[in-house]
Amino acid sequence: MNKLTFKQYLESKEQLLKAIENTPTAIVEYEVRKYCSLTIGESEEDKSLVGLKPKHKIVVEWRYDNAADPTPTSIQFVGPKDIVEDDKYSTFWSGNKLQKWLQRHAKEGQNNGHKI
């Protein structure tokens, strides 16, 4: 069994703390396949629905704290006239719920998985 020196312990602890700051994120673009609506908002109380049509695009920034269940940190829309394209929105939905919604109503676009 290898024993760590105190210096090695401190260096490994510092590396772990730096790794926490560098949580991987990905920006994925989805193309809506059918008429639907998506719930956005910080909580159940201040939620609103965005009506989407085929060919509209949804750009989601995913934060991978957990590789099996990423967290959506922001959502942008391209296409709807009542939504400002430069605005970023959030959702109180879990990552799994949003992924299931996207699987049913959208398909991944061509420019996907841009890691930050």
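The values are calculated or read from the model by the stated rules, or taken from the named source; none is laboratory data. Model, not experiment: these values are computed from the prediction. Here the Cβ is made from the backbone with ideal geometry for all residues, glycine too, and neighbour counts use every protein chain on show.
At-a-glance table
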| item | result |
| --- | --- |
| Filtered residues of segment 18-36 (kept if modelled with pLDDT under 85 and hydroxyl-bearing (Ser, Thr, Tyr)) | Thr23 |
| Wholly enclosed strands (runs of 3 or more DSSP E) of segment 37-86 bearing at least 3 residues within 18 Å of Ile27 (Cα to Cα) and modelled with pLDDT of 85 or more | 57-63, 71-78 |
| Any hit, segment 18-30, residues being in contact (Cβ under 8 Å) with a residue 60 or more places away in the chain and polar (S, T, N, Q) | yes |
| Top-ranked residue in segment 15-29 [being closer than 18 Å to Ser94 by Cβ and among the aliphatic types (A, V, I, L, M); ranked as surrounded by the most Cβ atoms within 10 Å (Cβ to Cβ)] | Val28 |
| Evaluation of Tyr9 against (1) among the hydroxyl-bearing types (Ser, Thr, Tyr); (2) in contact (Cβ under 8 Å) with a residue 60 or more places away in the chain; (3) farther than 23 Å from Pro70 by Cα (one fails), failing number | (2) |
| Verdict on Phe92 being over 30 Å from Ala19 (Cβ atoms), surrounded by 11 or more Cβ atoms within 10 Å (Cβ to Cβ) and either among the aromatic types (Phe, Trp, Tyr) or modelled with pLDDT under 90 (or both) | no |
| Inter-residue pairs, beta-carbon under 9 Å, first touching a residue at least 24 places away in the same chain (Cβ under 8 Å) and in segment 41-53, second of a type in the set (D, E, K, R) and surrounded by 10 or more Cβ atoms within 10 Å (Cβ to Cβ), 6+ apart | Gly41/Lys47; Leu52/Lys34; Lys53/Lys34 |
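Every residue, every condition in (1) surrounded by fewer than 14 Cβ atoms within 10 Å (Cβ to Cβ); (2) among the aromatic types (Phe, Trp, Tyr), yes or no:
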{"residue": "Lys3", "(1), (2)": "yes, no"}
{"residue": "Phe6", "(1), (2)": "yes, yes"}
{"residue": "Glu31", "(1), (2)": "no, no"}
{"residue": "Leu38", "(1), (2)": "no, no"}
